[in-house]
Amino acid sequence: MENGTRYFVQKDSIVRKIWGKSDTILFIFAGSAAEFALNKAVDWLYFTGKLPADPLGRLFSTVTYAREIVFSELTKANAAIDKITGIHSAIEKSRDAKIPDWAYRDVLFMLIHYSIASFELLERKLSDEEKSEVYDVFYRLGARMNLKDLPANYSGWLISRDKHLTADLVKGEYTIDLYEQYKKHLGAFRYKLLVESQKLVLPARAKTMLGFNNRHWLKMILPFYKFSRKIKLDGLIKSLILPPEYKQQINALDPMTND
């Protein structure tokens, strides 16, 4: 609680630092885009037709929802979580079927993994305490959604995450189609950047399933990008590599850092 206001995530939390920079969020987005494509429940995202029609916008909205929750007052965050639950309930009703609980956990788990992986790639290694703090935030999000079988702590999550990666990922027709849509909407150059970004944050099993090689040319230029942030040139770089229709949305992500 700060000045009488309760927040879903406290202002000094490492989670706010992770989700307060657009470049970190872009890597979270990239990793999630790959894991969405491999998930056995991706057919649910195809059901409404929104994912194949606008895969970047659909995935970006997921990340944006998570970010809004991170920076909101408790009541507003809970309302946003309830809205997400309501949207999913409406889809279930339309399809006359239930989204598997493990599929909800998969999405939650990928946000945890890519939050940690992206920050460590661009900033520094997180302590075990900080990783536990990341897990606690998303655990509370999942609990609000009434998700079952959530691990009690970060150590338990590591075990559960490994089991999910083994049981819930498959390279199928939706995977192939979704990557074709990524390439169609991004263009060849930006699509290559997406794949290279994914290589840097994906778990080994996912990279193997997608047939990614072990060459990481993007990693070699990361030091230059980090330097560009210090001299305020990163905005120019991002303007060159991001799809024009998403520049305004992505550039608007930075100012929230210390709301």
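Data for the structure
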{"read-out": "Number of positions in the stretch 120-142 that are within 18 Å of residue 10 (Cα to Cα), hydrophobic (A, V, I, L, M, F, W, C) and not in a loop (DSSP other than H, G, I, E, B)", "value": "4"}
{"read-out": "Among the candidates 94, 89, 155, residue that is at pLDDT 95 or above, out of contact with any strand residue (DSSP E or B) (no Cβ under 7 Å at 6 or more places or on another chain) and of a type in the set (S, T, N, Q)", "value": "155"}
{"read-out": "Residues of the stretch 169-185 satisfying the condition of being more than 18 Å from the chain's Cα centre (by Cα) and within 17 Å of residue 206 (Cβ to Cβ)", "value": "170, 171, 172, 174, 176"}
{"read-out": "Scope the stretch 63-78; condition of a type outside the set (Val, Ile, Thr) and in a helix (DSSP H, G or I); matching residues", "value": "65, 66, 67, 68, 71, 74, 76, 77, 78"}
{"read-out": "Residue identified as over 23 Å from residue 100 (Cβ atoms), free of Cβ contacts under 8 Å to residues at least 24 places away in the same chain and within 19 Å of the chain's Cα centre (by Cα) among 143, 204, 188", "value": "204"}
{"read-out": "Cross-chain or 6+ apart pairs with Cβ under 8 Å, the stretch 109-127 first and without any contact (Cβ under 8 Å) to a residue 12 or more places away in the chain, then outside any helix (DSSP H, G or I)", "value": "120/126"}
{"read-out": "Selected residue (criterion: nearest to residue 218 (Cα to Cα)) from residues of the stretch 148-192 that are among the aliphatic types (A, V, I, L, M) and crowded, with 17+ Cβ neighbours inside 10 Å", "value": "186"}
{"read-out": "Filter result for residue 166 (among the β-branched types (Val, Ile, Thr), assigned to a helix (DSSP H, G or I) and under 24 Å from residue 56 (Cβ atoms))", "value": "no"}
{"read-out": "Set 54, 106: member being of a type in the set (Asp, Glu) and out of contact with any helix residue (DSSP H, G or I) (no Cβ under 6 Å at 6 or more places or on another chain)", "value": "54"}
{"read-out": "Count - residues of the stretch 193-209 that are surrounded by fewer than 21 Cβ atoms within 10 Å (Cβ to Cβ) and not in a helix (DSSP H, G or I)", "value": "1"}
{"read-out": "Per-region count, the stretch 79-103, residues on the phi > 0 side of the Ramachandran plot and of a type in the set (Phe, Trp, Tyr)", "value": "0"}
{"read-out": "Cβ pairs under 7 Å, 6+ apart, first in the stretch 147-162 and of a type in the set (Asp, Glu), second assigned to a helix (DSSP H, G or I) and modelled with pLDDT of 95 or more", "value": "none"}
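The values are calculated or read from the model by the stated rules, or taken from the named source; none is laboratory data. Predicted model only: the values in this text are computed from it and were never measured. Methodologically, a virtual Cβ is constructed for each residue, glycine included, from the backbone with ideal geometry; neighbour enumeration extends over all protein chains shown.
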